[in-house]
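The values are calculated or read from the model by the stated rules, or taken from the named source; none is laboratory data. Since the model is a prediction, treat every value here as computed from it, not as a measurement. So basically every Cβ, Gly included, is an ideal-geometry build from the backbone, and we count neighbours across all protein chains shown. Note: areas computed on protein heavy atoms with side chains; ligands, DNA, RNA excluded. Shrake-Rupley method; radii C 1.70, N 1.55, O 1.52, S 1.80 Å.
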Amino acid sequence: MSDKNKTRSEELQRNKKTIVAAVGGDMRLAAAAALFSRRAEVRYFGSELCGESEEGEMRCETLADAVNGADIVLLGLPCSTDRIKINAPFHPCAIYAEELLACVPDGAIICGGMIPSEISGRHAKCIDYYRDEALQLRNAIPTAEGAIMLAMEETPFTVSGAKAAVLGSGRIAKALAPRLRSLGAEVTVIARKSEDRALWQVLGIRSAGFDDLKKHLAGSDLIFNTVPARVLGRDELAEIKPRAAVIDLASRPGGTDFDAARALGVKVIWALSLPGRVAPVTSGEIIYETLCDLLAAEGVRI
C-alpha cells in the first residue's frame, strides 16, 4: 500500500463511527443507549415495547442485523437472570446467549452487568460494568431513594419519627442511613465489624452488632436489609411487630426467609433492581459514564 493510500485508510478508520449494538435490557439500557447515540451508531434489538427510538438509533428486525459488524455489544443489568437467556423484558421472545455469541464478531467487546461465565468464558473481550466500584457507589443513591419511597408507599406512618434499622454497613447503607435520619427517622445501623460501628458513631448515627439484632428488630417500625445473605430467618422475623415493614434490598437470593415471613404475616418487600425502577434515566447515565471510562482504559473511545 502506498503512503498516500495508507494515510487515507488511517484517516477513514479514525473517522469511522463506533457501532454499538444494544441488546435487550430495561429502561436503564435504553437511557444509556440514547447517550451512546450522540457519538456512535446505535443498533437496538430486543426493546420493541420500550417506546420510540431516539435519533441516531436503529431498531433491527433480527439479532444478527444488530450485532454483525458491531464494535460494542451492550447488555443490561443483569445481562441474564438464568445464565441461558439475555435479560430482555421488553422483547416478546427469548433471546438466547448461545444465539448472541454466535453473532458477535470476534473483535467486539461485550459490555454487561453481572456477566455469567457462560458468556465471559466464551468471548475474548468482556467488560462487566457492574464490578466497577464507582458505579456501585453511585448506584447506591437511587437505591436509597427508592427504598425510602417504598417505605412511604407501603406503611401507614411517616418516616419522620419512625424507628428504622438498617442491616449491613456497605455502600447502600452509607447512602440510606443518613437520608433516613435527615427525614427524621431514629436510625440504628446493624454492622458486624467494630470499625464500622465506630464509624457510624463518629457520624452521629446509632450502631449495634448482629448479636443485638433481635432486640432492634422488635423495636423497629422500618427494617432495611442490605446484606446479601440470610440474616432474617424465622427466629428473627418472629421478633418483628405487626405494623412494621421489611424492605429487603439485597440481590438474589436476598437476606430474608420469604416463606417464613409469609407464614408469620410479616410484611416484606423484596426490592430488586430499584435503580432501574425508580430512576432509569439517572441509572442509564451512570452505566454510560462508567462504560466510557472502562472503554477508554481499553483504548476504545466513543
Inset, instruction - Using label points projected 7 Å from each Cα along Cα→Cβ, tell me how many nm separate residue 96 and residue 211, to one decimal. - result: 5.5 nm
Legend entry - the range 117-209 - percent of accessible surface contributed by carbon and sulfur, probe 1.4 Å: 50 percent
Inset, instruction - Would you mind computing, in nm to one decimal, how far apart the modelled labels at residue 17 and residue 195 are, each placed 7 Å from Cα along Cα→Cβ? - result: 5.0 nm
Legend entry - Where only alpha carbons of the chain are counted, the Rg and the Dmax (Å): 22.6, 81
Inset, instruction - Note down the accessible area of residue 268, probe 1.4 Å, to the nearest 10 Å². - result: 40 Å²
Legend entry - Loop trypsin sites (Lys or Arg not before Pro), the range 166-237 (other Cβ atoms within 10 Å of the site Cβ: 11 or fewer; DSSP): 193
Legend entry - Neighbour-limited loop hits for chymotrypsin sites (Phe, Trp or Tyr not before Pro), the range 127-185 (at most 15 other Cβ within 10 Å; DSSP other than H, G, I, E, B): 157
Inset, instruction - Provide the net charge surrounding residue 138, with neighbours chosen by a C-beta distance below 11 Å and charges set as Lys +1, Arg +1, Asp -1, Glu -1. - result: -3
Inset, instruction - Among 123, 233, 288, pick out the residue whose Cα is farthest towards the positive end of the charge dipole of the chain, where Lys and Arg carry +1 and Asp and Glu carry -1 on C-beta, about the Cα centre. - result: 233
Inset, instruction - Would you calculate a helix-derived [θ] at 222 nm for the chain, using -39,500 (n - 2.57) for each DSSP H run of n ≥ 4 and dividing by the full residue count, to the nearest 500? - result: -11500 deg cm²/dmol
Legend entry - Cα extents of the range 76-158 along the three principal axes, largest first (Å): 55, 32, 16
Inset, instruction - Place +1 on the Cβ of every Lys and Arg and -1 on the Cβ of every Asp and Glu in the chain, take the dipole about the Cα centre, and give the residue among 36, 184, 89 whose Cα lies farthest towards its positive end. - result: 184
Inset, instruction - Among DSSP beta bridges whose residues both lie in the chain, state the antiparallel percentage, nearest 5. - result: 5 percent
Inset, instruction - List the GluC sites (Glu not before Pro) within the range 66-120 that fall in a DSSP loop (any state other than H, G, I, E or B) and whose Cβ has at most 13 other Cβ atoms within 10 Å. - result: none
